[in-house]
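To start, the structure under review is shown below, and the notes come after it.
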Amino acid sequence: MHLGAWLGPLCRGLRRPVGRTPQLVRGSLSRRLVLSSRRRIPEFNSFVSRTNTCGELRSSHLGQEVTLCGWIQYRRQNIFLVLRDFHGLVQVIIPQDESSASVKKILCEAPLESVVKVSGTVISRPPGQENPTMPTGEIEIKVKTAELLNACKKLPFEMKDFVKKTEALRLQYRYLDLRSSQMQYNLRLRSEVVMKMREYLCNLHGFVDIETPTLFKRTPGGAKEFLVPSREPGKFYSLPQSPQQFKQLLMVGGLDRYFQVARCYRDEGSKPDRQPEFTQIVDVSSVFRKTEIRFLQDALSKPQGKAKAICVPEGVKHIKRKDIESIKQFAADQFNQEVLPIFLKASRNWNSPVAKLVTEDQRLELIRLMEIQEEDIVLLTAGEHKKTCSLLGKLRLQCADLLETKGMVLRDPAQFSFLWVVDFPLFLPKEESPTELESAHHPFTAPHPSDLHFLYTEPEKVRSQHYDLVLNGSEIGGGSIRIHDAQLQQYILATLLKEDVKLLSHLLQALDHGAPPHGGIALGLDRLMCLITGAPSIRDVIAFPKSFRGHDLMSSAPDSVPVEELRPYHIQVSWPTEAEAEKDSLNQPHQQKS
């Protein structure tokens with residue numbers, strides 16, 4: 001399957017409504033079920049109060065008697081009222097005559113965001129008072145009766161899009177935040193995206209949508225899993241951090257084209273996941289082999305030490321001294337790294353004693369290597385390869401955000417640029433024990449056929465059949481060709497990765513029963529929606545997300561459980577000492593400020 005064939009058109013044409021297409025569902029039995037739209041389904045039933053939605057009324061409805069329900073969005077001079085539901089807005093005229101005093105009292109005294117029901121006649125707005133920006137701007141409702149369905153108490157924040165709210169407050173009152181036009185747009189668009197995916201995969205390519213279990217067992221590899229206690233002493237379920245193994249087992253079972261919109265549970269902090277491209281990272285180790293700058297000397301004296309730099313285009317015009325100090329502080333706090341800003345003109349180095357140690361020859365070599373212009377700033381750091389790349393990647397995004405707030409246009413939100421990343425290493429040295437190996441992707445990824453001979457002699461040289469899909473600089477999907485040979489899988493698990501193969505006996509057994517070559521890919525729907533909508537965080541495209549630390553600020557989950565409710569599960573809480581609690585709090589990731 002060529003993902004670009006549907007992702008590209010999907011990103012460009014999402015606003016088109018999804019039509020109802022008759023679908024034929026075939027089974028092994030002779031009976032066939034035809035899902036058709038021939039029979040008209042009634043729009044309303046006896047439990048529905050309204051006759052129309054607020055956003056659908058037009059001049060074609062003039063003279064009709066209608067009943068509408070919605071939130072009071074705006075009131076002007078106790079004469080006009082704007083009623084809102086999730087289909088749109090409509091203007092309501094509050095009656096002023098004495099015979100309608102009770103109706104006027106309800107509509108004038110109800111707080112904003114209260115829910116009301118009004119009945120009346122659709123009339124034309126007076127000439128010159130039409131509102132061309134509103135789809136219902138040619139008409140208004142002359143109210144005859146009104147009912148207050150639910151009065152709104154004082155709100156924790158104003159329900160206006162231009163009023164800024166902290167993310168913590170938005171998550172605490174998520175049910176209110178969901179009323180915002182942006183959240184409405186994000187979630188309704190997400191629904192359309194998922195529908196387009198299902199139509200494309202099922203209707204055009206014969207895929208089968210299958211749900212896999214939520215309760216599974218603990219398995220090696222991948223992210224940390226959440227544990228779920230069972231009533232059997234000492235035995236736990238795990239919430240799968242990925243339906244990886246089910247994917248393989250289904251393919252072994254002959255369901256070669258399978259997909260699902262799956263929940264993945266990972267016991268780790270969430271991330272904003274905004275990583276658009278901005279400018280290139282460059283290795284400048286050769287420039288600073290002979291340098292008097294101490295932190296460069298220390299880094300380059302180590303076997304894995306590298307000096308790397310990024311160029312911030314036109315940074316001199318927009319980045320101030322306080323911004324540079326903030327960048328340096330971030331590098332020190334988050335990465336324990338030093339960052340040195342270098343300017344083309346030495347006079348601009350703000351009397352930095354370290355920057356003055358950059359020689360003229362080194363400055364000229366940097367200009368040549370990085371094609372620096374006069375108004376650019378170079379950010380230089382040094383250390384272990386992976387660490388320096390991670391730091392500069394973060395700084396690149398910070399600088400991009402900073403420059404865009406100053407008016408520079410660096411990223412076109414309407415452009416969708418895709419990129420495949422391939423030829424990853426199959427294994428990486430463990431960070432805590434560099435002589436041991438761990439899977440770069442996961443332990444079920446197949447080695448590159450050309451590198452199989454290295455597997456038994458120099459496994460660190462083996463490339464994997466792993467691929468990532470990147471959109472606008474952010475990884476939105478990844479997958480691999482899987483190992484389908486049980487002996488090869490056992491060798492990698494037991495010999496190279498030192499894993500307990502008993503935990504995966506079910507998979508190894510399945511591979512020994514005629515498993516075909518197979519592979520797959522998983523797209524991160526949250527990240528994809530983030531990029532499509534331009535949201536700064538994946539929490540803005542999820543109806544009820546967790547906070548940065550994995551907490552539900554609305555319901556205060558996770559919550560404590562009484563001791564008597566834990567007894568059936570044969571577990572008890574071991575409370576940390578004061579010193580342990582303090583240490584844990586220091587190791588916890590800090591809540592990001594909005």
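Couple of notes before you dig in:
- Test: residue in segment 176-191 that is within 30 Å of GLN248 (Cβ to Cβ) and in a helix (DSSP H, G or I): yes
- Selection count where residues are open to solvent by less than 70 Å² (accessible area, probe 1.4 Å), within 18 Å of PRO233 (Cα to Cα), hydrophobic (A, V, I, L, M, F, W, C) and not in a loop (DSSP other than H, G, I, E, B), scope segment 549-583: 1
- Enumeration of residues in segment 425-446 that are part of a loop (DSSP other than H, G, I, E, B) and touching a Lys or Arg at 6+ places or on another chain (Cβ under 7 Å): LEU426, GLU436, PHE444, ALA446
- Matching residues in segment 197-246 - criterion: being open to solvent by less than 70 Å² (accessible area, probe 1.4 Å), farther than 29 Å from MET529 by Cα and part of a strand (DSSP E or B): VAL228, PRO229
- Note on segment 430-445: residues that are without any contact (Cβ under 8 Å) to a residue 40 or more places away in the chain and not charged (D, E, K, R) total 6.
- Selected residue [modelled with pLDDT of 80 or more, within 22 Å of LEU392 (Cα to Cα) and open to solvent by 40 Å² or more (accessible area, probe 1.4 Å)] from LYS290, LYS302, LYS271: LYS302
- Matching option when the condition is touching a residue at least 12 places away in the same chain (Cβ under 8 Å), of a type in the set (Lys, Arg) and either part of a loop (DSSP other than H, G, I, E, B) or surrounded by fewer than 15 Cβ atoms within 10 Å (Cβ to Cβ) (or both), among ARG411, ARG396: ARG411
- Taking segment 364-408 as the range and being more than 30 Å from LYS290 (Cβ to Cβ) and in contact with a helix residue (DSSP H, G or I) (Cβ under 9 Å, 6 or more places away or on another chain) as the test, the residues that pass are GLN398, LEU402, LEU403, THR405, LYS406, GLY407, MET408.
- The single condition among (1) part of a loop (DSSP other than H, G, I, E, B); (2) closer than 27 Å to ARG396 by Cβ that HIS513 does not meet is (2).
- Members of segment 112-155 that are farther than 19 Å from GLN64 by Cβ and open to solvent by 90 Å² or more (accessible area, probe 1.4 Å): PRO127, GLN129, PRO132, THR133, ASN150, LYS153, LYS154
- Subset tally (residues that are without any contact (Cβ under 8 Å) to a residue 60 or more places away in the chain, aliphatic (A, V, I, L, M) and within 25 Å of SER433 (Cβ to Cβ)) for segment 473-512: 5
- Annotation: GLN64 fulfils all but one of (1) open to solvent by less than 60 Å² (accessible area, probe 1.4 Å); (2) in contact with a strand residue (DSSP E or B) (Cβ under 9 Å, 6 or more places away or on another chain); (3) of a type outside the set (Lys, Arg); the unmet one is (1).
- Of all residue pairs spaced 6 or more apart or on separate chains, those with beta-carbon atoms under 7 Å, a first member in segment 535-561 that is under 12 Å from GLU167 (Cα atoms) and basic (Lys, Arg) and a second member that is modelled with pLDDT of 85 or more and in a loop (DSSP other than H, G, I, E, B) are ARG539/PRO545.
- Flag not set for GLN362, criterion: part of a helix (DSSP H, G or I) and open to solvent by 50 Å² or more (accessible area, probe 1.4 Å).
- With respect to the conditions (1) assigned to a strand (DSSP E or B); (2) more than 30 Å from LEU201 (Cα to Cα), LEU469 falls short on a single one, namely (2).
- A residue that is in a helix (DSSP H, G or I) and either of a type in the set (Gly, Ala, Ser) or open to solvent by less than 30 Å² (accessible area, probe 1.4 Å) (or both) occurs somewhere in segment 518-525.
- Options PHE427, PHE416: the member that is touching a residue at least 12 places away in the same chain (Cβ under 8 Å), in contact with a Cys (Cβ under 7 Å, 6 or more places away or on another chain) and farther than 27 Å from ALA331 by Cβ: PHE416
The values are calculated or read from the model by the stated rules, or taken from the named source; none is laboratory data. Quantities reported herein were computed from a predicted structural model and do not represent experimental measurements. Virtual Cβ from ideal backbone geometry, glycine too; neighbours counted across all protein chains shown. Only protein heavy atoms, including side chains, enter the accessible area calculation; ligands, DNA and RNA are left aside. Shrake-Rupley method; radii C 1.70, N 1.55, O 1.52, S 1.80 Å.
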